[in-house]
Each structure stands twice: as C-alpha cells, then as structure tokens.
Amino acid sequence: MSFTARHEASQADDAIAVLEDLEQHRAHLESLLPRVPASVTVILHDSPVQLLFASPLLGVMRRLSSRAARRYMVGSYRTGEVHVLSGPALRDLAAGEDSERALLLSPRRAYTGLAIGTNNPLLPPPARPGQLIRLMRAAWLAEGAAQHFSGQVAFLRPAIAMRLRGGRVRFPPGLRDAGLVAGTLFDLLHQERGERACVRLATHPASSPRAALEEAFGRPVAEVATAWSEHLDRLATPAPAVSPVV
C-alpha cells in the first residue's frame, strides 16, 4: 500500500474506502506524471476546525477565496501527508448531489496537488516561503491541475453557474476563484490539445502565466481567454432536457 490513514475509530470503513480509491488514483497518475509520491499518510479530520488547525496555509487561502470556492477547499498537503475532511464531514458540506460527488473527490484532489508539486519545482512541497508565495500567485495552476486530474470539474458545474451569476471571473483565475473554476482551464486544454498538454502545463515551470498558457494552447493568450470564457459559459448552462421517444 502507498497510503496509510489516521482517523477516528468510527471512521474505519470510510478510511478504507478512501485509501483504496487513492491507490487507484495513484496508479492513474503514475501513467501521466514522471514521479508520484508514495508512503503518504492521509489524515481524516472530523471538522473544518480540526483541518484548519492542522493546515494554517489552507485557512489563509480560504479567507482570500470566494464563498463558493471555500466550500471545495477542504484538503491540504505537505511532504508525506495529505489532510482532508472525513467522509461524513464532506457530506455535511454538500449543497446537492453534484456538490457531494465533487467533495467526496477531495482526497484525490489533495493528493493530486501533492503529486503536481512533487513534479513542479516552483510549487510546494517542500513548503518554503518563496514557494508558498508562488503557490498563492499561481493558484490557478496548482488548483486547476488538482481539480482536473482528480475528476472534480464535471461535478462543479452547478457551483460554477452560481459563481458566474455574481460576475465575470478574471483570466487566469486569481486566488479568489481558483479553488472553484481553475480546473475548467485544464478541461478546455484537454479538449483542445489532449491530456499530455495538461500534464506539461502542470509540471513544466514557465516565466509567466502568459508564457505558460500560450505554449500550452499554441495560440495568443487573448484568444485563450476568449475561448475559456465561452467554455465557462457552456459549463454553466444546464444540459437541455431530453424527451423520451414515444
């Protein structure tokens, strides 16, 4: 096993399910990334207070994020550890079926963040001051990769629609919105250039967000911004109902 868990005795069944899912997810990431962390301890917290006490940086990033994004910022990582809310605590936060499915992928999202940081020298771990500052500046990259590779984006559509009702989102997403919408940028890239392009964007350092995005998409950043805005609108639009054939 690549993972062990620390949890309350009452959460044993949930912990086993989380570890089994993470093993499968690690095998998938292993097919994409040069390196994937092993011997990782997963700490399941029963409340947001416990989680934020163990993860002060997460608390800072949540305070700087929109209310819609904060709901899904429920995991953190450091070398050899992933901290995330337990299954019952995640279900208590859910705002609907899709919201619950997205939240239950939080262990994957947190572990993916650890894996991306392991492969990108500009991102933690380790959590040195310079890297923490870069993490906050490049939240769109770290959060976007974690959301995309964990499979969360499809289940965030209702929350994204609600966020867009409050106004447009800057490009690339800043810290305020990255915890919710940054994965849609990788989703667009996957549709246009494939999964390998997403891996390269997540793991190869670039001189600036503009340079990274132009290289990834192969076109001027202004065109990428327009395409992404249209992609966000499509994701936020409910799928039309299909009438049964009589």
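Only the Cβ atoms of Lys and Arg (+1) and of Asp and Glu (-1) were treated as charged; on that basis the dipole of segment 3-236 about its Cα centre amounts to roughly 960 debye. Short-range pairs are left out: with C-alpha atoms under 8 Å and at least six residues apart, the relative contact order of segment 1-138 is 24 percent. Tally the DSSP beta bridges in the chain and give the antiparallel ones as a percent, rounded to 5. If I count the DSSP bridges inside the chain, around 30 percent turn out antiparallel. Restricting everything to alpha-carbon atoms, can you work out Rg to Rh for the chain with a Kirkwood hydrodynamic radius? Using only Cα positions, Rg/Rh for the chain is 0.96.
Per residue, the chain reaches -17500 deg cm²/dmol at 222 nm when only DSSP H runs of four or more residues are counted, each adding -39500 (n - 2.57). Among 214-224, 74-84, 38-48, the peptide with the highest mean count of other Cβ atoms within 10 Å heads the list, and the full ranking is 74-84, 38-48, 214-224.
No value in this document is a laboratory result; all are computed from the given coordinates. This is a predicted model, so every value here is computed, not measured. When we count neighbours, we look across all protein chains shown, and the Cβ atoms used for this are built from the backbone with ideal geometry, even at glycine.
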